[in-house]
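Below you'll find the structure, written out as structure tokens, and then a few comments.
The values are calculated or read from the model by the stated rules, or taken from the named source; none is laboratory data. Remember, predicted model here, so these are calculated numbers, not experimental data. Don't worry about glycine lacking a Cβ; one is built from the backbone with ideal geometry, like all the others, and counts go over all protein chains shown. For accessibility, only protein heavy atoms count, side chains too; no ligands or nucleic acids. Shrake-Rupley method; radii C 1.70, N 1.55, O 1.52, S 1.80 Å.
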Amino acid sequence: MTRDYSQFSLGEPAEPAPLTVLQKLGWQAFFAQQTDADTMEKTPPVRVTQVHRSAHQVVGEGIDKLIPPRHDATVGDWLLLDQDDLAASVVLERKSLIKRRAPGRVRAVQMIGANLDTTFIVTSCNDDFNIARLERYIALAFEDKTDPVILLTKADLCDDVESYVEQARAISDMVPVVTIDARGDEPKSKLAEWCKPGKTVAFLGSSGVGKSTLTNALGGGLDIDTQAIRESDARGRHTTTTRQLHIMEAGFCVLDTPGMRELQLTDVASGLSDVFADLQELSTQCRFRDCAHESEPGCAVKTALEAGDVDAARIARWKKLVAEDSFNSESLSARKAKDKSLGRVIKQVKKHGKK
Ligand SMILES: Nc1nc2c(ncn2[C@@H]2O[C@H](COP(=O)(O)OP(=O)(O)OP(=O)(O)O)[C@@H](O)[C@H]2O)c(=O)[nH]1
Ligand SMILES: [Mg+2]
Ligand SMILES: [Zn+2]
């Protein structure tokens, strides 16, 4: 007996199942395994798309609303939303969190974005380009568990793109470098590898380098304000003022951020070890464990420098960042310890007061 297989179409690959609303918002197995169907029914997952001073914007399946702000959540976070008691909503554990030391004198940590898969570090092929700053951003991305990619924008305005590419490539083998004209169609094709359905990407970098232009180019239909930079110093004018997660038609999310004037590192020791892996490795061979690589005997870093194996400027940048990171991190942990002991004193006072 012969069977009739004509009803099965063999040549055509099966269409992938369309993404659910949650998947388009970046819902991944990592978050799903922190909850269950019953809990999700009662407290639906929502993602923070914008943080205002007086409210957080959250979006979920059939939900798009403002909730009272909470200090423990930032843009990109997932919440299980308790609609009856908003303050009881739970923030899910993060896959990644980009943070910096807040500018100004207070040594607080500022959360920049949560649950990012890829961080595009954007700089343009002009005076904005700065190796030390790129190293800073990359250390941050490594530490915070997102994959960094360097984007060199305004390639169309530059006669010497290759020299920028070369310098950027030299930073780390683990960081791809892409040159791009942020306007028009290039971003869609050149960034497709990272902007896949279900993923979340972010643009970080100085003002005027093209972060919003890139976001617009990926979105089609998006119309975020962008503004020409000042000719005199190639600087931007801080056109974007809030961090916003844009949900793209194609099913991925893009975090556009305001240009950062200052990126102070805090708690990124392991990220720095990744960026400067070779120097880190060398320093383990120094005679003294706390070698400052200045004039100590048996310093492996100095020996490598004298042999011409490493670049003096790079060593200087590494030392500066390590010092800055340990200064900021120490002060933070010292402050935390102080807060703790102050808490204990208050507790004791209260206890004694009750007697
Ligand atoms: N020719 C050219 N112009 C670009 C490119 N990328 C951005 N621009 C222009 O540079 C200016 C600044 O771009 P924005 O996208 O506003 O920069 P931004 O990084 O969002 O700046 P902030 O919001 O201030 O942080 C705009 O006039 C853009 O059109 C590029 O690759 N090529
Ligand atoms: Mg912008
Ligand atoms: Zn040394």
Under 16 Å from the 7 Å Cα→Cβ point of residue 174, by amide nitrogen: which residues of region 127-144?
-> 135-144
Roughly what would the spin-label model give for residue 307 and residue 167, points 7 Å off Cα along C-beta, in nm?
-> 2.8
Roll a 1.4 Å probe over the protein heavy atoms and report the accessible area of residue 189 in Å², nearest 10.
-> 90
For region 22-91, what class follows from the C-alpha gyration tensor (a ≥ b ≥ c being the square roots of its eigenvalues): rounded when a/c is under 1.5, otherwise prolate if a/b is larger than b/c, else oblate?
-> prolate
Nearest-0.05 FRET efficiency for residue 93 and residue 316, computed from C-beta distance (R0 35 Å) | 0.40
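Let a ≥ b ≥ c be the square roots of the eigenvalues of the Cα gyration tensor of region 144-221; is it rounded (a/c under 1.5), or, if not, prolate (a/b larger than b/c) or oblate? All intermediate terms of the calculation are to be shown ahead of the outcome.
Working: a/c = 1.78, a/b = 1.15, b/c = 1.55.
It is oblate, given that a/c is not under 1.5 and a/b is not larger than b/c.
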So residue 330 and residue 190, fully extended at 0.36 nm per residue minus their Cα-Cα distance, gain in nm 46.3 nm
Sorted peptide list for 51-62, 116-127, 268-279, criterion being average Cβ within 10 angstrom, highest first | 116-127, 268-279, 51-62
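Show me the ranking of peptides 40-48, 173-181, 86-94 by mean Cβ neighbours inside 10 Å, starting with the highest.
Listed from highest to lowest mean packing, they are 40-48, 173-181, 86-94.
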Taking only protein heavy atoms and a 1.4 Å probe, the highest-to-lowest accessible-area order of 136, 287, 317 is 287, 317, 136
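Shape of region 269-340 from its Cα gyration tensor (a ≥ b ≥ c, root eigenvalues): rounded if a/c is under 1.5, otherwise prolate when a/b > b/c, or oblate?
It comes out prolate by the Cα gyration axes.
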Euclidean distance between Cα centres, region 132-183 to region 67-109, Å = 29
Which is farthest toward the positive dipole end of region 22-91 among 69, 27, 44, measuring Cα position about the Cα centre, with Cβ charges +1 (Lys, Arg) and -1 (Asp, Glu)?
-> 69
What pairs from 99/154; 99/188; 95/319; 211/320; 190/319; 24/65 go past 25 Å between their alpha carbons?
-> 99/154; 99/188; 95/319; 211/320; 190/319
